[in-house]
């Protein structure tokens with residue numbers, strides 16, 4: 001480990017202790033060189049340490065994968081009524097474009113109102129059928145406060161992109177991601193939902209945690225309903241997250257795409273599933289139990305991935321400090 005690597009390792013160890021986090025992990029790629037630094041434990045109440053090969057939940061950082069697949073299916077100006085002609089929808093939604101969905105400017109609601117209902121549906125329906133029903137219900141209703149052309153972050157909008165991808169390909173979103181992303185990029189550690197074995201005597205992978213006010217850490221096995229996968233339910237080892245985001249960074253650098261497209265003020269959300277500001281593309285992701293932040297600087301061929309198996313303000317503060325080092 002080089003001198004800078006030693007300093008970074010010492011820093012994340014100090015932050016993990018100061019913010020009472022279960023674990024903290026950082027991956028750095030500059031050109032063809034990469035380093036991974038981890039510290040802490042997989043699960044509170046157990047002394048099993050995290051390793052550089054452990055997987056971390058990316059939350060909404062996975063939206064870039066959904067965006068990549070959706071962009072391959074249609075053109076930015078294509079409207080929803082043409083893309084999904086078999087789905088009945090309110091007039092407001094018929095004219096929304098692929099570009100608007102990608103940039104959270106379509107006026108879609110943020111989330112489905114009953115997550116427990118989605119979990120109950122998993123016993124009797126396939127995930128593509130659940131997502132189709134979710135969107136059929138949502139799009140049939142008049143929009144509630146949705147405004148076209150204004151940034152309004154929407155997980156449902158990205159689930160709708162997943163439905164579009166499934167309809168065009170005739171296959172489940174999860175299968176398409178495995179075939180077109182995980183396998184092609186050699187992301188052998190990647191998957192969906194919870195990687196940890198819930199019943200293992202010793203934790204085999206990091207668990208998510210609830211961070212209570214007294215800094216008591218409560219390990220929780222769980223995730224959002226499986227139908228939410230296009231909005232971000234991917235886990236992977238940091239080396240594999242680097243593979244995808246290095247690929248995306250190179251794409252931006254060579255194609256000159258993903259420039260500021262839509263947003264509020266100086267920070268904008270691009271059609272690549274990433275925010276943009278001052279030459280840096282980024283996203284924060286969380287399933288309320290885990291937290292991740294990715295930063296891309298395409299002109300410098302640099303990618304940074306920071307992750308924690310805790311989604312509290314403490315984890316955000318620690319990651320903010322690491323971000324300050326990189327920037």
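The values are calculated or read from the model by the stated rules, or taken from the named source; none is laboratory data. Keep in mind that what you see is a predicted model, and the values were worked out from it rather than measured. We place every Cβ from the backbone using ideal geometry, glycine too, and count neighbours over all the protein chains shown.
Some points to look at:
- Within the range 318-327, being over 22 Å from residue 194 (Cβ atoms) and assigned to a helix (DSSP H, G or I) holds for 318, 320, 321, 322, 323, 324, 325, 326.
- Check on residue 61, in a helix (DSSP H, G or I) and either buried (at least 23 other Cβ atoms within 10 Å of the Cβ) or in contact (Cβ under 8 Å) with a residue 60 or more places away in the chain (or both): yes
- A residue that is out of contact with any helix residue (DSSP H, G or I) (no Cβ under 9 Å at 6 or more places or on another chain) and in a loop (DSSP other than H, G, I, E, B) can be found somewhere in the range 116-123.
- Residue match in the range 19-31 (condition: within 22 Å of residue 288 (Cα to Cα), in a loop (DSSP other than H, G, I, E, B), touching a strand residue (DSSP E or B) at 6+ places or on another chain (Cβ under 7 Å) and assigned by TED's automatic domain parsing to the domain that holds residue 318): yes
- Counted residues, the range 69-90 - those being modelled with pLDDT of 95 or more and assigned to a helix (DSSP H, G or I): 6
- The residue of the range 124-137 that is surrounded by the most Cβ atoms within 10 Å (Cβ to Cβ), among those that are in contact with a helix residue (DSSP H, G or I) (Cβ under 8 Å, 6 or more places away or on another chain) and assigned to a helix (DSSP H, G or I), is 131.
- Count of the range 180-205 residues, restricted to those that are part of a loop (DSSP other than H, G, I, E, B) and on the phi < 0 side of the Ramachandran plot, is 16.
- Pairing residues of the range 295-324 that are assigned by TED's automatic domain parsing to the domain that holds residue 243 and at positive phi with residues that are assigned to a helix (DSSP H, G or I) and at pLDDT below 95, at Cβ distances under 8 Å and at least 6 apart in sequence or on separate chains, gives 301/249; 301/250; 301/253.
- Taking the criterion of being over 23 Å from residue 168 (Cα atoms) and over 21 Å from the mean Cα position of the chain (by Cα), no residue of the range 69-113 qualifies.
- Count of the range 138-156 residues, restricted to those that are under 25 Å from residue 169 (Cα atoms) and surrounded by 13 or more Cβ atoms within 10 Å (Cβ to Cβ), is 5.
- Yes/no for residue 211 being assigned by TED's automatic domain parsing to the domain that holds residue 269 and touching a strand residue (DSSP E or B) at 6+ places or on another chain (Cβ under 7 Å): yes
- Neighbours by Cβ (under 7 Å, 6+ apart or cross-chain): first from the range 31-58, loosely packed, with under 13 Cβ neighbours inside 10 Å; second assigned to a loop (DSSP other than H, G, I, E, B): 31/301
- Of the strands (runs of 3 or more DSSP E) lying entirely inside the range 206-317, those containing at least 1 residues that are modelled with pLDDT of 95 or more span 208-211, 217-220, 234-237, 280-286, 291-297, 302-308.
- Any hit, the range 213-222, residues being under 15 Å from the mean Cα position of the chain (by Cα) and under 27 Å from residue 132 (Cβ atoms): no
- Among the residues making up the range 157-179, those that are part of a helix (DSSP H, G or I) and surrounded by fewer than 16 Cβ atoms within 10 Å (Cβ to Cβ) are 175, 179.
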